[in-house]
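Colleague: Just dropping this structure here.
The values are calculated or read from the model by the stated rules, or taken from the named source; none is laboratory data. Treat the numbers as computed from the prediction; the structure is a model and nothing was measured. Positions of Cβ are generated from backbone atoms using ideal geometry, with glycine treated the same way; all protein chains shown enter the neighbour counts. Remember, those area values only see protein heavy atoms, side chains included, never the ligands or the DNA or RNA. Shrake-Rupley method; radii C 1.70, N 1.55, O 1.52, S 1.80 Å.
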Amino acid sequence: MDTILRVNDLHVSFRARGGEVQAVRGVNFEVKKGEAVAIVGESGSGKSVTAQSIMRLLPSPPSFVKQGSIEFMGRNLVDATEAEMEAIRGKEIGMIFQDPMTSLNPTMTIGHQITEGLIKHQGMNRSEARERALELLRLVGIPNPEARFGQYPHNFSGGMRQRAMIAIALSCNPALLIADEPTTALDVTIQAQIMQLMKDLQQKFGTSIILITHDLGVVADMCDKVIVMYGGQVVETGTKWDIFAKPQHPYTRGLLRSMPRLDLPKGEPLVPIDGTPPDLLAPPVGCAFCARCEHAMEVCLNHDPELVPVGENGQTAKCWLHHPLAKEVQA
Amino acid sequence: MSASAVKTKGAAFQPVAGASGEKLLEVRNLSKFFPVGSNETLKAVNDLTLSIGKGETLGVVGESGCGKSTAGRTIMRLYEPTSGETLFNGRNIYKMRGSELKTLRREMAMVFQDPYASLNPRFNIMDVIAEPLDIHGIAGSAKERRRKVEELLDLVGLRPEHAARYPHEFSGGQRQRVGIARALAANPKFIVCDEPISALDVSIQAQVVNLLQDLQKRLGLTYMFIAHDLSMVKHISDRVAVMYLGKMIELAESSELYANPKHPYTQALLSAIPIPDPLIEAQKERIVLSGDLPSPIHPPSGCPFRTRCPFATEKCAKEVPDFREVKDGHWAACHYA
């Protein structure tokens, strides 16, 4: 499969009053054509900053890319000019945001917002764009699209707004769709609808998807590959089968253990991960998870481990426990 | 709905008490309507009847707009009800006045969803937690006040030196601990937890839930746990009530409800939740409901769920299903359950 996106050693920081917040600290991953990749992590793990850096949506200043590159279909987006980015955003990379109320323009009709990209990027005229927009609204399951076309976001329910967002994101057949917590603001029955829709559309158009989420259930349902982030770094990667069946990083294991499971009988107390995530104003010298890790060793405190291969299917983990000299640990 | 219809229905309905048998709280035909626009009403909570046993945790689940938060707030008398009553230790709380009401306020407390918005940013933690002590005149002296606050901080896993800090210096999980300490300050018996963990990160949620469970054991608390996260509700609750459009549509022991849901809405809700296990997800036949929640201002006739129900018949449009006991201690409002 062709790789359409390759992120190399990406470092993104924000200048703040107290110093430099190192939100993303050396992230590497790639996305192949037609693949759905999940980036999982808690707030402050750097998952959204990574995604927004790909789209170059972070205001600069205060943000800046310290180091690294983002290669999208042969171009380095880190160096791209604003005009070049304008041609890529919406056309080659579509984006769906978490909150469909604040990410749609409240003063523009839904129809206007969908046709905007079609007219700009596809060179369609007004009536062609309208036809295509109606088709898109139908595709994402909005009933009565002719009437909906002229309505404003406030006339739509949360689920319908998210469908409209998906219609906008897909309007120009992007090669890559970045979905940043697309279902977090929605109720579960609506979340099920939106996930089904995204899976159907992905199969139909072969779009690559980067799904950013903290919900491991959504990941298990939708994605092929999983990237786990913590403290601005990638701590584990692998296929969803490997990540859920045999997680190798203590953080991933802790995350899976701390969640109650609907399919298992109740009674077992939850196993929380004690402590709080690291302060990225002064990130730890060693492993970022060290302070909360039950297996922490002396080496973890002072030396940051590398992301090393740990399984057959390309699974990698960033943990000293996978050093050849480390002692055996029972998961 | 006429008042007499409400009464007869309520009389036929004798809900089961909690595990311990002794009831702390009984809610009878409670309704809370809000006027909206011109002569329209939003029936946020419509004829709710349930009881909560001493030491029990009752989970209340449902999607946004189903009335679960309004139910919690009306049961605490943060809202005056439109009709119905809530008995706390056998006394109707909506009839309480003066000192009796003030005592009630000590016995009921609330933990809110958003730990960022529910703490006064201008108060330090000492004052945030001591506010209930001051209001009820519990702490006699400044020394006593400090001692009480430090005790509460210790109880929720914070340190005494945190008392001098301000809310903005804490993370979400720590703030929620402060919120819990404040709720516990006046020594309540009953706590309404309104989505206490939904604003927190996954790894922190377990910390707060374990704390709540631990406190319940140590202090003999009774909880009403309102949430939309069904996995967490299953974990923490003894019994679970499911609400839809202001109505309670199912109520059962937690394990029973999840193993054996009777109402089509509960079935869809449970099936909609993605399980963090790709093997299960790959095999799962998910019931995907069509459509959105109808407006609670103009709810459908008959069964409120019929517009999205895959099994709806003509009868569902005509008759409101009774909330009946379909199995021992398992109640559902569906003609076909």
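Colleague: Can you tell me the 0 to 90 degree angle between the C-alpha axis of helix B:202-219 and the longest principal axis of chain B, rounded to 10?
Modeller: The answer is roughly 80 degrees.
Colleague: Next question. At a 4.7 angstrom Cβ threshold, list every cysteine in chain A that has nobody to pair with, or say none.
Modeller: That list is A:Cys172, A:Cys223, A:Cys293, A:Cys319.
Colleague: For the protein assembly as shown, which whole-number percentage of the solvent-accessible area (1.4 Å probe, protein heavy atoms only) is attributable to carbon and sulfur atoms?
Modeller: Working: 14530 of 28690 Å².
Taking all protein chains in place, the protein assembly as shown shows 51 percent carbon and sulfur surface.
Colleague: Here is a follow-up. If contacts are Cα pairs under 8 angstrom and at least 6 residues apart, what is the relative contact order of region A:101-171 in percent?
Modeller: Details: 77 pairs, mean separation 31.9, N = 71.
Reported relative contact order: 45 percent.
Colleague: Heavy atoms only, 1.4 Å probe, whole protein assembly: order B:Met126, A:Met101 by accessible area, highest first. Please report the intermediate quantities before stating the final value.
Modeller: On the way: B:Met126 20, A:Met101 65 Å².
Accessible-area ranking of B:Met126, A:Met101, largest first: A:Met101, B:Met126.
Colleague: Keeping every protein chain present and rolling a 1.4 Å probe, give me the accessible area per residue for the protein assembly as shown in Å².
Modeller: On the way: 28690 Å² over 668 residues.
Solvent-accessible surface per residue comes out at 43 Å².
Colleague: Under a point-charge model restricted to the Cβ atoms of Lys and Arg (+1) and Asp and Glu (-1), what is the dipole moment magnitude of region A:264-307 relative to its Cα centre, in debye to the nearest 20? All intermediate terms of the calculation are to be shown ahead of the outcome.
Modeller: On the way: 2 positive and 7 negative charges, 38 e Å.
So the magnitude is around 180 debye.
Colleague: Mind ranking A:292-298, A:213-219 by how tightly packed they are, going by the mean number of other C-beta atoms within 10 angstrom, highest first? Can you show the working numbers first?
Modeller: Working: A:292-298: 15.3, A:213-219: 22.9.
Output ranking for A:292-298, A:213-219: A:213-219, A:292-298.
Colleague: Just going by the charge dipole of chain A, with Lys and Arg at +1 and Asp and Glu at -1 on Cβ, which of A:Ile166, A:Val7, A:Gln233 is farthest out on the positive end?
Modeller: A:Ile166
Colleague: Calculate how steeply helix B:98-107 sits against the longest principal axis of the alpha-carbon atoms of chain B, using the helix alpha-carbon long axis, and give the answer as 0 to 90 degrees to the nearest 10.
Modeller: The helix B:98-107 is inclined about 90 degrees to chain B.
Colleague: Right, here's the next one. Given the alpha-carbon gyration tensor of chain A, what are the semi-axes of its equivalent ellipsoid in whole angstrom, ordered largest first, with each equal to the square root of 5 times an eigenvalue? Walk me through the intermediate numbers first.
Modeller: Values: eigenvalues 269, 104, 63 Å².
Ellipsoid half-lengths, sorted descending, are 37, 23, 18 Å.
Colleague: A follow-up question, please. Quick one: helix A:188-205 against the long Cα principal axis of chain A, what's the angle to the nearest 10°, folded into 0 to 90?
Modeller: 80 degrees
Colleague: Also: Tell me, what are the semi-axes, in whole angstrom and largest first, of the equivalent ellipsoid of region A:257-325 as set by the roots of 5 times the Cα gyration tensor eigenvalues?
Modeller: Numbers: eigenvalues 136, 72, 24 Å².
Computed over region A:257-325, the values are 26, 19, 11 Å.
Colleague: Right, another one. Which three lengths, in whole Å and largest first, does region A:18-91 cover when its Cα atoms are put on their principal axes?
Modeller: Principal extents (largest minus smallest coordinate, Cα): 37, 28, 20 Å.
Colleague: Residues of region B:214-250 with accessible area at least 40 Å² lower in the all-protein-chain context than alone (1.4 Å probe)?
Modeller: B:Ser231, B:Lys234, B:His235
Colleague: Additional query: Among B:Leu251, B:Pro299, B:Leu289, whose Cα sits farthest toward the positive end of the charge dipole of region B:245-302 (+1 at Cβ of Lys/Arg, -1 at Cβ of Asp/Glu, about the Cα centre)?
Modeller: Positive-most Cα among the choices belongs to B:Pro299.
Colleague: Taking the radius of gyration and the Kirkwood hydrodynamic radius from Cα positions alone, what is the Rg/Rh ratio for region A:165-258, to two decimal places? Let's see the in-between values first.
Modeller: Numbers: Rg = 14.1 Å, Rh = 14.4 Å.
Value, to two decimals: 0.98.
Colleague: What shape does region B:220-337 have by the C-alpha gyration tensor, where a ≥ b ≥ c are the square roots of the eigenvalues, rounded means a/c under 1.5, and otherwise prolate means a/b greater than b/c and oblate the rest?
Modeller: In terms of gyration-tensor shape, oblate.
Colleague: From the mean inverse distance of alpha carbon pairs (Kirkwood) and the Cα radius of gyration, derive Rg over Rh for the protein assembly as shown. If you can, show how the numbers build up before the last one.
Modeller: Numbers: Rg = 26.4 Å, Rh = 27.0 Å.
Result for the protein assembly as shown is an Rg/Rh of 0.98.
Colleague: Taking the Cα centre of region A:101-171 as the origin, how large is its charge dipole in debye, to the nearest 20, when only Lys and Arg (+1) and Asp and Glu (-1) carry charge on their Cβ atoms? Walk me through the intermediate numbers first.
Modeller: Numbers: 8 positive and 5 negative charges, 19 e Å.
My answer is approximately 100 debye.
Colleague: In percent, what relative contact order does chain A have, based on Cα pairs under 8 Å that are 6 or more apart in sequence?
Modeller: Numbers: 604 pairs, mean separation 65.4, N = 331.
Result for chain A is 20 percent.
Colleague: Also, quick follow-up: Any idea what the dipole of chain B comes to, in debye rounded to 20, about its Cα centre with Lys/Arg Cβ at +1 and Asp/Glu Cβ at -1? Before the final figure, lay out each step's value.
Modeller: On the way: 42 positive and 38 negative charges, 182 e Å.
That gives a dipole near 880 debye.
Colleague: Also, I was wondering about something else. Got a sec? Which residues of region A:212-236 lose 40 Å² or more of accessible surface with every protein chain in place, vs. that chain alone, 1.4 Å probe?
Modeller: The answer is A:Gly217, A:Ala220, A:Asp221 - residues whose exposure falls by at least 40 Å² when every protein chain is included.
Colleague: Would you kindly calculate the translational diffusion coefficient of chain B, applying Stokes-Einstein with the Kirkwood radius from alpha carbon pairs, for 25 °C and a viscosity of 0.890 mPa s, and quote it in µm² s⁻¹ without decimals? Let's see the in-between values first.
Modeller: On the way: Rh = 21.1 Å.
The diffusion coefficient I find is 116 µm²/s.
Colleague: Please give the total accessible area that chains B and A bury against each other, computed with a 1.4 Å probe and expressed in Å² to the nearest 100. Show your work: numbers first, answer last.
Modeller: Details: alone 16000 and 16210 Å², together 28690 Å².
Roughly 3500 Å².
Colleague: Give me D for region A:100-240 in µm² s⁻¹, whole number, from Stokes-Einstein with Rh from the Kirkwood sum over alpha-carbon pairs, 10 °C and 1.306 mPa s. The partial results should precede the final answer.
Modeller: On the way: Rh = 16.0 Å.
For the chosen part, D equals 99 µm²/s.
Colleague: Shifting gears a bit: Can you tell which of B:Ile138, B:Asn89, B:Leu119 lies farthest toward the positive end of the dipole of region B:41-151, using +1 and -1 charges on the Cβ of basic and acidic side chains (Lys, Arg; Asp, Glu)?
Modeller: Toward the positive end, the furthest listed residue is B:Ile138.
Colleague: For a 32 Å ceiling on Cα separation, which of these pairs sit above it: A:Lys225/B:Lys234; B:Lys68/B:Lys217; A:Lys225/B:Lys247; A:Lys47/B:Lys43; B:Lys102/B:Lys327; A:Lys266/B:Lys54? Walk me through the numbers on the way to the answer.
Modeller: Values: A:Lys225/B:Lys234 29 Å; B:Lys68/B:Lys217 25 Å; A:Lys225/B:Lys247 41 Å; A:Lys47/B:Lys43 41 Å; B:Lys102/B:Lys327 40 Å; A:Lys266/B:Lys54 21 Å.
Check vs 32 Å cut-off fails for A:Lys225/B:Lys247; A:Lys47/B:Lys43; B:Lys102/B:Lys327.
Colleague: Here's another thing I want to ask about it. Test of understanding: extend the Cα→C-beta vector of A:Trp241 to 7 Å, then name every residue of region A:298-322 with backbone N under 16 Å from that spot.
Modeller: A:311-316
Colleague: For chain B, modelled as a Gaussian network with Cα springs under 10 Å, which listed residue fluctuates most, B:Leu289, B:Leu133, B:Leu152?
Modeller: Maximum fluctuation in the GNM of chain B, among the listed residues, is at B:Leu289.
Colleague: Arranged from highest to lowest average of other beta-carbon atoms within 10 Å per residue, in what order do the peptides B:137-150, A:305-318, A:248-261 appear? Before the final figure, lay out each step's value.
Modeller: Numbers: B:137-150: 13.9, A:305-318: 16.9, A:248-261: 22.1.
By packing density, highest mean first, the sequence is A:248-261, A:305-318, B:137-150.
Colleague: Hey, can you list the residues from region B:188-203 whose accessible area shrinks by 10 Å² or more with all protein chains present, relative to the chain by itself (probe 1.4 Å, no ligands or nucleic acids)?
Modeller: B:Asp201, B:Val202, B:Ser203
Colleague: For region A:101-171, divide the Cα radius of gyration by the Kirkwood radius and give the resulting Rg/Rh value with two decimals. Each step should come with its number before you reach the end.
Modeller: Details: Rg = 10.8 Å, Rh = 11.7 Å.
For region A:101-171, the value is 0.92.
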